[in-house]
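The values are calculated or read from the model by the stated rules, or taken from the named source; none is laboratory data. Quick caveat: nothing in here was measured; it's all calculated off a predicted structure. All Cβ positions, glycine included, derive from the backbone under ideal geometry; neighbour counts span all protein chains shown. All accessible areas refer to the heavy atoms of the entire protein, side chains included, with ligands and DNA or RNA removed. Shrake-Rupley method; radii C 1.70, N 1.55, O 1.52, S 1.80 Å.
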Amino acid sequence: MFQLHNKYPLLGKSKMNADVSRAYRLLRTKMNRVCQVNQKSFLITSVLKGEGKTMTAVNLGVAYALEGKRVVLVDANLTQPALHEVFSKSNRIGLSQILEQDHVLQSAIVETDIEHLMLLPAGKPMQHPSELLASKMMLDVIAQLKSSFDMILIDSSSAMKSTEPFILAGITDGVLLVVGTGKVKRHLLQQFKQHIEDVNGTIVGSVLNRATKSSWERSIMDHSQVIG
Ligand SMILES: Nc1ncnc2c1ncn2[C@@H]1O[C@H](COP(=O)(O)OP(=O)(O)OP(=O)(O)O)[C@@H](O)[C@H]1O
Ligand SMILES: [Mg+2]
């Protein structure tokens, strides 16, 4: 039987709290509202490590798949891949081999147990993936995925200590910023926003993760002032 990775409860698959399920469906609705139909590739990133990028990417992917969209989750966190673990898949072949031109894209994409939801694992982990992610090959990968899927959700590393999210922000249609409640300082968010603008990236929205109702009410004003 399909065994969920217990760190990542999935929408519609486990005993996910009703408020949390509603929040992911609401995120999908809001994304649908703000994004144009030709915006298909989205980077999910955060300033700091562990703010909830993978959790958000996975559940937004499930939310879109439940809506009938053909979704591919791409693990572009090539230093610390996680998506294959969420779906109990192998990470032997994935994005890193495709970018090194050791493998073709089509056969690296695997099905998940969720209808309409596919996965491109990270593949062989590497310490310095920025050159590969900035290569023409990565542009080709995104273009090919766009021709086969309705929605491409790219999980990445955090922005504080790596350039990868900014590279990816420049070649995707939108950036979804995950903000762990109480974790990141305002000036770092402002820096992040500036760096995204510098690479002509577009922040389509932000997710306040692990929010309690009161923390959400407290931070929504501050946060929206920073992100705009
Ligand atoms: N909303 C949430 N409620 C409870 N636990 C959460 C939530 N979001 C994330 N977590 C937990 O916090 C940890 C970090 O989450 P996650 O792996 O999604 O973060 P990340 O930003 O992808 O981390 P990394 O920077 O290491 O890739 C995980 O153990 C996850 O299960
Ligand atoms: Mg992650």
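Any residue that is of a type outside the set (Val, Ile, Thr), within 16 Å of ligand 1 (Cβ to nearest atom) and modelled with pLDDT of 95 or more - is there at least one of those in segment 136-147? Even if it seems obvious, please write down each step before you answer.
Going residue by residue through segment 136-147, those that are of a type outside the set (Val, Ile, Thr) are 136-140, 143-147.
Filter again for within 16 Å of ligand 1 (Cβ to nearest atom), leaving none.
No.
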Being more than 7 Å from ligand 1 (Cβ to nearest atom), in a helix (DSSP H, G or I) and charged (D, E, K, R) is the filter here, so list the residues in segment 32-56 that pass it.
Arg33
Here the residues within segment 107-141 that are among the polar types (S, T, N, Q) and either surrounded by fewer than 20 Cβ atoms within 10 Å (Cβ to Cβ) or assigned to a helix (DSSP H, G or I) (or both) are Ser107, Gln127, Ser130, Ser135
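Taking the stated definitions as given, is Asn59 assigned to a loop (DSSP other than H, G, I, E, B), open to solvent by less than 40 Å² (accessible area, probe 1.4 Å), within 16 Å of ligand 1 (Cβ to nearest atom) and in contact (Cβ under 8 Å) with a residue 24 or more places away in the chain?
Values: assigned to a loop (DSSP other than H, G, I, E, B): no; open to solvent by less than 40 Å² (accessible area, probe 1.4 Å): yes; within 16 Å of ligand 1 (Cβ to nearest atom): yes; in contact (Cβ under 8 Å) with a residue 24 or more places away in the chain: yes.
So Asn59 fails the test.
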